[in-house]
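Participant: Okay, handing you the structure first.
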Amino acid sequence: MEPNILVNYWWVLPIIFALILYKHILRLLCGMVIVPEDRVGLVTKKFVLLGSNRELPDGSIVATKGEAGFQAKTLAPGLYFGMWVWQYDVTMQVFTVIPEGKIGLVLAKDGIEIPTGNILGQRVECENFQDATKFLENRGQRGRQTAYITAGSYRINTMLFQVSVTDMIRIQESMVGIVTTLDGLPIDAGQIAGKLVTGHNNFQDFDAFIRKDGNRGLQPQVILAGSYNLNPWAVQIEEIPMTEIAIGFVGVVISYTGQDGHDLTGLDFKHGNIVEKGCKGVWLEPLGPGKYPINKYIMKVELVPTTNLVLNWAAARSEAHNLDKNLSTITVRSKDGFPFNLDVAQIIHVPTTEAPKVIARFGNMVNLVSQVLEPTIGNYFRNSAQDSDVIAFLSTRKERQESAKAHIKRVLDEYNVNAVDTLIGDIVPPESLMKTLTDRKLAEEQKVTYDTQKRAQETRQGMEKETAIADMQKDIVRAQQSVEIAERTANATVKKAEGDATGVKLAVGAEAEAIKMRAHGEAEATMARAKADSEATKLKAAAEAAQISLTGAAEAGKVLAIGKSTAEAYELAVQALGGDNFTRYKITEELAKGQLKLIPDVLIGGGGGGSAIDGLLGLKLMEMMDTKKSTEPKP
């Protein structure tokens with residue numbers, strides 16, 4: 001049965017082969033070619049029919065007019081006839097796909113020669129390189145192309161164009177792109193960058209840049225943050241941070257490119273050209289605080305602080321700006337030959353309008369410090385120290401600081417810088433001299449201390465004396481009262497004694513007159529004895545008064561040694577009574593006690609013209625007075 005089946009159905013096999021190889025069969029029979037949807041047909045013509053006589057021009061590799069070889073025209077997706085297999089070779093090529101964020105760089109394998117001096121082929125109309133025929137007919141140039149293709153799918157004839165995929169250029173925030181072009185006209189003589197060209201959409205339309213005679217090399221224009229379709233065969237980008245000018249600073253721009261501008265400073269300023277913005281030189285208008293897209297290769301921004309700037313001539317101190325990092329303590333030599341060190345701080349201020357002149361004169365702030373401030377301040381203090389010894393320099397520090405401020409201000413005014421203040425810091429004399437000064441000062445301070453302590457002791461003594469006097473005030477008052485009482489008592493006693501004496505005198509006088517003739521002699525004798533006794537009594541009272549005075553002085557000394565209170569009380573008592581009153585007081589006191597007699601009992605004298613009878617008469621008179629006194633009734 002099996003052989004019969006094969007014999008009966010032999011015709012099936014050709015049908016199966018036809019179904020499998022229908023494309024080839026159709027290609028052989030009618031030259032049919034089917035191009036899929038995602039393909040492009042690349043055609044190679046193997047030969048030219050007799051009589052057509054068409055050959056490729058010399059140097060060409062792609063045919064545009066039916067010549068044998070690679071054909072410029074491609075087959076888009078679809079069905080085509082007449083593409084005989086013996087005459088045409090059709091290769092299916094996938095579409096050229098450019099992903100997002102990428103661009104396609106195109107290298108043309110055929111076309112006219114690129115002009116001498118150029119390295120890139122200029123753009124021609126060719127539907128983004130999808131129409132190779134137009135590219136060649138429009139005199140597209142062989143080699144790397146300025147034009148590129150962006151993200152998408154393209155029917156590219158890869159026999160003419162070679163496409164390489166590269167990344168787009170991305171500039172980050174706060175960054176700036178420095179542009180260097182690889183094609184264009186040479187840079188003008190005397191310039192380091194090309195001239196400014198506009199209208200090329202940040203170098204994305206490089207053909208417009210070329211048409212406007214853009215220069216190859218460093219460009220003055222920069223590109224800011226963003227994504228750009230830049231052809232790396234035409235443009236190279238260096239990404240750098242933007243120039244930031246902090247608050248308290250200005251940026252003086254020094255431009256290395258541009259036209260030579262007119263000097264705006266006048267004839268008085270001969271230290272460089274200050275020009276308007278955009279010209280070569282130092283720009284008159286500085287940049288304020290902020291961020292700027294500065295091309296660091298064609299211009300330089302010198303930061304100038306506009307706030308007060310402190311510079312320290314001290315080995316162990318430096319400010320954040322570091323302009324004084326190379327400054328150190330100033331060493332000077334005095335008139336008497338001693339070397340010593342001193343620290344100095346200088347405060348300066350650069351006005352905003354004067355900042356360009358400072359930069360034009362010195363180039364930067366570091367040069368200002370090293371070329372002007374450092375020698376000016378150092379030499380001033382060295383010269384000043386040579387006119388004085390160390391001690392005088394130390395003692396006149398304030399005056400020298402004011403003098404230095406005035407001198408440095410005059411100097412800096414010539415350099416368009418304001419000198420705010422000059423401050424002298426630590427002054428370190430030689431150790432040996434410092435020890436001498438220290439010892440002298442310590443001695444002076446000790447003397448002051450001793451004087452102060454002495455005054456304190458004197459004050460304390462005075463205070464204690466006043467305290468003692470205050471404590472004795474009661475005793476003094478009591479003594480004063482006692483003195484007054486004693487004085488009054490003494491006065492009363494004296495008055496009484498004087499009255500009694502007057503009475504006695506009158507009585508004696510009366511009786512004496514009565515017996516005058518009879519006892520004249522005795523009375524005179526008695527009176528003489530009484531006078532003698534009175535003198536003796538007076539002398540005795542004076543002696544007792546002296547004794548009492550001496551005793552009081554001794555007692556006062558004793559009391560003074562204990563606390564001086566009793567002595568002052570006695571002294572006040574003596575001063576209050578007086579010497580005579582005190583004596584009378586004592587005499588009266590003795591008379592009051594009845595221990596002394598004014599007239600002696602017996603007075604017999606042999607001189608003065610009297611006789612014994614006078615004495616007897618006196619004695620008798622006294623007896624009569626005593627008898628009379630005893631017979632009187634007592635009160």
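The values are calculated or read from the model by the stated rules, or taken from the named source; none is laboratory data. None of these values were measured; they are calculated from a predicted model. Neighbour counts run over all protein chains shown; Cβ positions are idealised from the backbone, glycine included.
Participant: Considering each of 150, 133, 96 in turn, give the residue that is more than 26 Å from residue 203 (Cα to Cα) and of a type in the set (Ser, Thr, Tyr).
Facilitator: 133
Participant: Check every one of the helices (runs of 4 or more DSSP H) wholly within segment 334-395 and list those with 1 or more residues that are within 24 Å of the chain's Cα centre (by Cα).
Facilitator: 355-362, 365-368, 374-386
Participant: If you don't mind, there's one more thing I want to ask. Which of (1) in contact (Cβ under 8 Å) with a residue 40 or more places away in the chain; (2) in the same structural domain as residue 330 (by TED's automatic domain parsing); (3) surrounded by fewer than 19 Cβ atoms within 10 Å (Cβ to Cβ) is the odd one out, the single condition residue 309 does not satisfy?
Facilitator: (3)
Participant: Given (1) in contact with an Asp or Glu (Cβ under 9 Å, 6 or more places away or on another chain); (2) buried (at least 18 other Cβ atoms within 10 Å of the Cβ), where does residue 302 come up short, assuming only one miss?
Facilitator: Here residue 302 clears every test but (1).
Participant: Further question on the same structure: Condition test on residue 193, is it in contact with a Pro (Cβ under 8 Å, 6 or more places away or on another chain) and either touching a residue at least 12 places away in the same chain (Cβ under 8 Å) or assigned to a strand (DSSP E or B) (or both)?
Facilitator: On the way: in contact with a Pro (Cβ under 8 Å, 6 or more places away or on another chain): yes; either touching a residue at least 12 places away in the same chain (Cβ under 8 Å) or assigned to a strand (DSSP E or B) (or both): yes.
Here the answer is yes, as residue 193 does meet what is asked.
Participant: Same structure, new question: Quick one: how many residues across segment 41-99 are in a loop (DSSP other than H, G, I, E, B) and touching a residue at least 40 places away in the same chain (Cβ under 8 Å)?
Facilitator: The initial filter retains those residues of segment 41-99 that are in a loop (DSSP other than H, G, I, E, B), namely 46-61, 64-68, 72-74, 76-77, 81-87, 95, 99.
Restricting the remaining residues to those that are touching a residue at least 40 places away in the same chain (Cβ under 8 Å) gives 46-47, 60-61, 64, 72-74, 76-77, 81-87, 95, 99.
Number satisfying all stated conditions: 19.
Participant: Report yes if residue 274 is under 20 Å from residue 417 (Cα atoms), among the β-branched types (Val, Ile, Thr), over 19 Å from the mean Cα position of the chain (by Cα) and surrounded by 19 or more Cβ atoms within 10 Å (Cβ to Cβ), otherwise no.
Facilitator: When the stated conditions are applied, residue 274 passes them.
Participant: In segment 94-146, how many are acidic (Asp, Glu) and closer than 15 Å to residue 60 by Cβ?
Facilitator: 3
Participant: Take residue 135 and decide whether it is buried (at least 21 other Cβ atoms within 10 Å of the Cβ) and part of a helix (DSSP H, G or I).
Facilitator: Yes: the conditions hold for residue 135.
Participant: Looking at segment 95-108, can you tell me whether even one residue there is modelled with pLDDT of 85 or more, surrounded by fewer than 14 Cβ atoms within 10 Å (Cβ to Cβ), within 23 Å of residue 131 (Cα to Cα) and more than 60 Å from the chain's Cα centre (by Cα)?
Facilitator: no
Participant: For the structure I just gave you, tell me whether residue 147 is in contact with a helix residue (DSSP H, G or I) (Cβ under 9 Å, 6 or more places away or on another chain), within 21 Å of residue 211 (Cβ to Cβ) and not in a helix (DSSP H, G or I).
Facilitator: yes
Participant: Shifting gears a bit: Where in segment 223-270 are the strands (runs of 3 or more DSSP E), entirely inside, with at least 2 residues that are without any contact (Cβ under 8 Å) to a residue 60 or more places away in the chain and at positive phi? Lay out the reasoning, then the answer.
Facilitator: Values: elements: 226-228, 235-241, 243-245, 249-255.
Of the strands (runs of 3 or more DSSP E) lying wholly inside segment 223-270, none has at least 2 residues that are without any contact (Cβ under 8 Å) to a residue 60 or more places away in the chain and at positive phi.
Participant: Please work out which one of (1) more than 30 Å from residue 32 (Cα to Cα); (2) touching an Asp or Glu at 6+ places or on another chain (Cβ under 6 Å) is the condition residue 98 fails and give its number.
Facilitator: Just one mismatch for residue 98, condition (2).
Participant: Let me ask something else. Residues 411, 448, 420: which one is of a type in the set (Val, Ile, Thr), assigned to a strand (DSSP E or B) and either out of contact with any Lys or Arg (no Cβ under 7 Å at 6 or more places or on another chain) or without any contact (Cβ under 8 Å) to a residue 24 or more places away in the chain (or both)?
Facilitator: Working: 411 fails: assigned to a strand (DSSP E or B); 448 fails: assigned to a strand (DSSP E or B).
Every option except 420 fails the conditions.
Participant: So, one more: If the requirement is being in contact (Cβ under 8 Å) with a residue 40 or more places away in the chain and not aromatic (Phe, Trp, Tyr), which of these qualifies: 361, 397?
Facilitator: 361
Participant: Kindly indicate whether any position in segment 371-393 is of a type in the set (Asp, Glu), in the same structural domain as residue 329 (by TED's automatic domain parsing) and buried (at least 16 other Cβ atoms within 10 Å of the Cβ).
Facilitator: Within segment 371-393, one or more residues are of a type in the set (Asp, Glu), in the same structural domain as residue 329 (by TED's automatic domain parsing) and buried (at least 16 other Cβ atoms within 10 Å of the Cβ).
Participant: Given the criterion in contact (Cβ under 8 Å) with a residue 24 or more places away in the chain, touching a Phe, Trp or Tyr at 6+ places or on another chain (Cβ under 9 Å) and in the same structural domain as residue 333 (by TED's automatic domain parsing), identify the matching residue among 404, 486.
Facilitator: Just a single option satisfies the conditions, and that option is 404.
Participant: Another question, if that's okay. Among the candidates 5, 25, which residue alone is surrounded by fewer than 15 Cβ atoms within 10 Å (Cβ to Cβ), in contact with a helix residue (DSSP H, G or I) (Cβ under 8 Å, 6 or more places away or on another chain), modelled with pLDDT under 90 and farther than 21 Å from residue 133 by Cβ?
Facilitator: After ruling out the rest, the residue left standing is 25.
Participant: Looking only at residues in segment 272-316 that are of a type in the set (A, V, I, L, M) and touching a helix residue (DSSP H, G or I) at 6+ places or on another chain (Cβ under 7 Å), which one is nearest to residue 329 (Cα to Cα)?
Facilitator: Filtering segment 272-316 down to residues of a type in the set (A, V, I, L, M) leaves 274-275, 282, 284, 287, 294, 298-299, 301, 303-304, 309-311, 314-316.
Filter once more, so that each one left must be touching a helix residue (DSSP H, G or I) at 6+ places or on another chain (Cβ under 7 Å): 274, 282, 284, 304, 311.
Values: 274: 36, 282: 35, 284: 37, 304: 25, 311: 12 Å.
Residue satisfying both the conditions and the ranking: 311.
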